[in-house]
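> Below are the structure tokens for one structure; questions will follow.
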Amino acid sequence: MALGALWLLPGALCAATAFAALRVDAIRKDATIGLAVGAGGAALTVIALWLCLRRGPLRVQGSGRGGRIAYTLGSGWLLGYAAVGDWLLTGLLDGRRPYEAAPAARAAVLLALAVAPAAWCARRLAVRARRRLAVSRGLEEFAAGVRPLFAGVVTAFLCGLAALVLAARLTVPGSPPAAAPPSMAAPPSMAEAAVVALCALLFLARLLAVHGFRRAALTGTAVACAVQA
């Protein structure tokens, strides 16, 4: 129960921070207070996320300092682009434009909310794989049983992200209302699709690293950074 509460903490903190910062900015018309609220909440969210990655099913054991630094840099690049990349690119191509915090806040909320289903799916995979190992008579039999289990866990995580997109829209002011009629509801934007893809990439990389495929996780993250650059 303690781990379950910890998995929910990053999403709750990030959602509360985004809602409060944007609401204060809209009511008081003062960006200073909104920035202070956002910075404080972001720091608490990062601490909660660090705790989630240091224990439980998302913990990577035996990784060297070089691997941790490389993974942090790759993840930092991807997360940084999700926050300000499109705005900077548009400014370079079409001239400087005012920064809109709502899309970045929505992306941050979606990423933070994804921690809980990611941890649950990773734990589910570990428990089922351990049971499979107990009844397997050889490595080939074990591998044949775990591959569809791995694919099923990743698919379950992707399906859960659809609900998180709606939660992020409801949390961040100015998002399309989820209760609108189907004919009036806005289709998922390219920005939301990009954040969903980022969630899937980070989850898959973490899952591979947790189960010993750290080189594959680092390679996939590095390739994603290079293609995006």
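> What accessible area per residue, rounded to a whole number of Å², is obtained for the chain using a probe radius of 1.4 Å?
Ligands and nucleic acids excluded, the figure is 60 Å² per residue.
> Just want to confirm a number: the relative contact order over the chain, from Cα pairs under 8 angstrom separated by 6+ residues, in percent.
With pairs under 8 Å counted, the relative contact order is 27 percent.
> Once you order the gyration tensor axes a ≥ b ≥ c over the Cα atoms, which shape class does the range 1-123 get: rounded for a/c under 1.5, otherwise prolate or oblate by comparing a/b with b/c?
Oblate, because a/c is 1.5 or more while a/b does not exceed b/c.
> Once phi is turned into θ = phi - 60°, what whole-Hz ³J(HN,Hα) does the Karplus curve with 6.51, -1.76 and 1.60 give for every residue of the range 2-13, x standing for Gly and Pro?
Calculated HN-Hα couplings, in order: 5, 5, x, 5, 5, 5, 7, 5, x, x, 5, 5 Hz.
> Just to check I understand the Karplus step: with θ = phi - 60° and J = 6.51 cos²θ - 1.76 cosθ + 1.60, what whole-Hz values come out for the range 140-146, glycine and proline as x?
These are the phi-based 3J(HN,Hα) values: 5, 5, 5, 5, 5, x, 7 Hz.
> Please report, in debye to the nearest 20, how large the charge dipole of the range 7-141 is about its Cα centre when each Lys and Arg carries +1 at its beta carbon and each Asp and Glu carries -1 there.
It comes to approximately 760 debye.
> Heavy atoms only, probe 1.4 angstrom, no DNA, RNA or ligands counted: give me TRP50, TRP87 ranked by accessible area, highest first.
TRP50, TRP87
> If each DSSP helix of 4+ residues adds -39,500 (n - 2.57) and the sum is divided by the residues in the chain, what number results at 222 nm, nearest 500 deg cm²/dmol?
For the chain, the value works out to -27000 deg cm²/dmol.
> Provide the solvent-accessible area of PHE203, counting protein heavy atoms only and rolling a 1.4 Å probe, rounded to the nearest 10 Å².
Accessible area of PHE203: about 10 Å².
The values are calculated or read from the model by the stated rules, or taken from the named source; none is laboratory data. The structure displayed is predicted, hence computed values, not measured ones. Neighbour counts are summed over all protein chains in view; Cβ atoms, including those assigned to glycine, are modelled from backbone coordinates with ideal geometry. The protein model used for the area step is the full one, side chains on, heavy atoms only, and it has no ligands, DNA or RNA in it. Shrake-Rupley method; radii C 1.70, N 1.55, O 1.52, S 1.80 Å.
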